[in-house]
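The values are calculated or read from the model by the stated rules, or taken from the named source; none is laboratory data. Model, not experiment: these values are computed from the prediction. All Cβ positions, glycine included, derive from the backbone under ideal geometry; neighbour counts span all protein chains shown. For the accessible areas, the whole protein counts, side chains as well, though only heavy atoms, and no ligand, DNA or RNA atoms are used. Shrake-Rupley method; radii C 1.70, N 1.55, O 1.52, S 1.80 Å.
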Amino acid sequence: MPKVKTRKSASKRFRVTPTGKVQFLPAGLRHNLEHMSGSARRKKRATRGMADEHAASILRQLGKR
């Protein structure tokens, strides 16, 4: 059986917690931050959990399933 290669783009965007949930950082923190309020920037700093219907495909891309 051949090895399953990881999708490198997915490995840079998502991470899997020890319990198997997929986490990601939201978009919009690269540039033009002076137009955003401080509270909006703080909210975007936190990692978020991927919805279950999308998590299965992400785990497959990461070679976890």
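Here are a few things to note about the model shown:
- Too-long pairs where the Cα-Cα distance tops 22 Å, listed order kept, from Lys5/Lys44; Lys3/Lys64; Lys8/Lys64: Lys5/Lys44
- Cα-centre dipole for the chain with unit charges at Cβ (Lys and Arg positive, Asp and Glu negative), debye to 20: 280 debye
- From its DSSP helices (H runs of at least four residues, each -39,500 (n - 2.57)), the chain gives a residue-normalised ellipticity at 222 nm of -10000 deg cm²/dmol.
- Surface analysis of the chain yields an accessible area of 88 Å² per residue, using protein heavy atoms and a 1.4 Å probe.
- Estimated distance in nm for a label pair at Lys5 and Thr19, the labels positioned 7 Å out from Cα along Cα-to-Cβ: 3.4 nm
- Atom-type composition of the exposed protein surface of the chain places 51 percent of the accessible area on carbon and sulfur (1.4 angstrom probe).
- Per-q log10 I(q)/I(0), the chain, q = 0.20 Å⁻¹ (Debye; single scatterer per alpha-carbon; no solvent): -0.82
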